[in-house]
């Protein structure tokens with residue numbers, strides 16, 4: 001089992017090797033996308049694997065310190081258009 005905590009009161013329990021990063025790898029491979037061309041967003045501890053694995057890992061402004069440290073970029077909070085602000089920062093939109 002693997003555990004990924006997101007808010008202090010909750011944790012995701014999954015089979016070993018099953019996490020958001022693995023999901024990203026599977027989807028990218030299925031679509032023929034190199035993992036370096038992916039971007040992932042997160043705000044909780046359960047997002048650590050995918051933020052670390054993606055080509056660009058983005059922590060939302062409301063993310064905890066561990067996720068912020070793991071991310072390539074920290075954007076504004078989810079309630080302050082964090083996703084669109086990060087996409088603008090990287091020139092995607």
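The values are calculated or read from the model by the stated rules, or taken from the named source; none is laboratory data. None of these values were measured; they are calculated from a predicted model. Here Cβ is always computed from backbone atoms with ideal geometry, including for glycine, and neighbour counts include all displayed protein chains.
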task: Examine the range 22-33 for a residue that is more than 14 Å from the chain's Cα centre (by Cα), surrounded by 13 or more Cβ atoms within 10 Å (Cβ to Cβ), modelled with pLDDT of 95 or more and not in a helix (DSSP H, G or I), and state whether such a residue exists.
output: yes
- prompt: Within the set of pairs 6+ apart or on separate chains, which have a first residue in the range 69-88 that is on the phi > 0 side of the Ramachandran plot, a second that is surrounded by 17 or more Cβ atoms within 10 Å (Cβ to Cβ) and not in a helix (DSSP H, G or I), and C-beta atoms under 9 Å apart?
  reply: 81/75
field: Within the range 34-49, considering residues that are assigned to a helix (DSSP H, G or I) and free of Cβ contacts under 8 Å to residues at least 24 places away in the same chain, the one farthest from residue 1 (Cα to Cα)
entry: 37
message: So for the range 59-69 (the condition being modelled with pLDDT of 95 or more, under 15 Å from residue 21 (Cα atoms) and crowded, with 21+ Cβ neighbours inside 10 Å), does at least one residue qualify?
response: yes
- line: Apart from one, (1) surrounded by 14 or more Cβ atoms within 10 Å (Cβ to Cβ); (2) at pLDDT below 95; (3) not in a helix (DSSP H, G or I) all hold for residue 17; the odd one out is (1)
field: Conditions (1) within 24 Å of residue 93 (Cα to Cα); (2) out of contact with any strand residue (DSSP E or B) (no Cβ under 6 Å at 6 or more places or on another chain); (3) in contact (Cβ under 8 Å) with a residue 12 or more places away in the chain; (4) not in a helix (DSSP H, G or I); number of the one not met by residue 52
entry: (4)
